[in-house]
């Protein structure tokens, strides 16, 4: 038996470069969409955390008021929950109510006003929001409904 050469081409296994580029492009589009969706979910979670922080800070401020007969002044701020205020009016029955004042989810300090801008009988806690700039439309206030 003699060996005869075949004219048939050998079938190659694997993918061409073009097929690989197309598949990687599709994967990139899917991942980009997922990142966009996750970013929006993360923003909602941060706003929910702000609401929780408003509740816990508000509870501590009400306890401060119960102990001292009034809320801290704007100048004394939220730090009055951690350290005894040295400015007037003095805190007569001050107790430490928090170990530290939390930062908002964007790593900025919460603002504090007493009296508040809408209800002058209550305090107002403010987050500067995602942009970290006070006084614009993305600010979140404990006295405004979202």
Exercise for the section: Considering every residue within the stretch 47-61, establish whether at least one is surrounded by 12 or more Cβ atoms within 10 Å (Cβ to Cβ) and modelled with pLDDT under 90. Expected result: yes
Exercise for the section: Scan the stretch 57-86 for residues that are in contact (Cβ under 8 Å) with a residue 24 or more places away in the chain, in a helix (DSSP H, G or I) and closer than 14 Å to residue 112 by Cβ and report the count. Expected result: 7
Problem - Restricting the stretch 95-116 to residues that are under 14 Å from residue 71 (Cβ atoms) and touching a residue at least 12 places away in the same chain (Cβ under 8 Å), the residue that is surrounded by the fewest Cβ atoms within 10 Å (Cβ to Cβ) - result: 97
Handout entry: residue 119 being out of contact with any strand residue (DSSP E or B) (no Cβ under 8 Å at 6 or more places or on another chain), surrounded by 11 or more Cβ atoms within 10 Å (Cβ to Cβ) and farther than 13 Å from residue 72 by Cβ
Key = yes
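Could we say that residue 22 is within 26 Å of the chain's Cα centre (by Cα) and without any contact (Cβ under 8 Å) to a residue 40 or more places away in the chain here?
no
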Exercise for the section: Determine whether residue 130 is under 20 Å from residue 50 (Cβ atoms), touching a residue at least 24 places away in the same chain (Cβ under 8 Å) and surrounded by fewer than 18 Cβ atoms within 10 Å (Cβ to Cβ). Expected result: yes
Practice task
Please state which one of 92, 84, 40 is more than 26 Å from the chain's Cα centre (by Cα), exposed (fewer than 15 other Cβ atoms within 10 Å of the Cβ) and at pLDDT below 90.
Solution key: 92
Practice task
Return yes when residue 78 is surrounded by 11 or more Cβ atoms within 10 Å (Cβ to Cβ) and either touching a strand residue (DSSP E or B) at 6+ places or on another chain (Cβ under 9 Å) or modelled with pLDDT under 90 (or both) and no when it is not.
Solution key: yes
Completion exercise
Residue hits (the stretch 118-146; under 21 Å from residue 59 (Cβ atoms) and assigned to a loop (DSSP other than H, G, I, E, B)) are 118, 119, 120, 121, 122, 123, 142, 143, 144, 145, 146
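The values are calculated or read from the model by the stated rules, or taken from the named source; none is laboratory data. Note that this is a predicted model, so its numbers are computed, not measured. Here the Cβ is made from the backbone with ideal geometry for all residues, glycine too, and neighbour counts use every protein chain on show.
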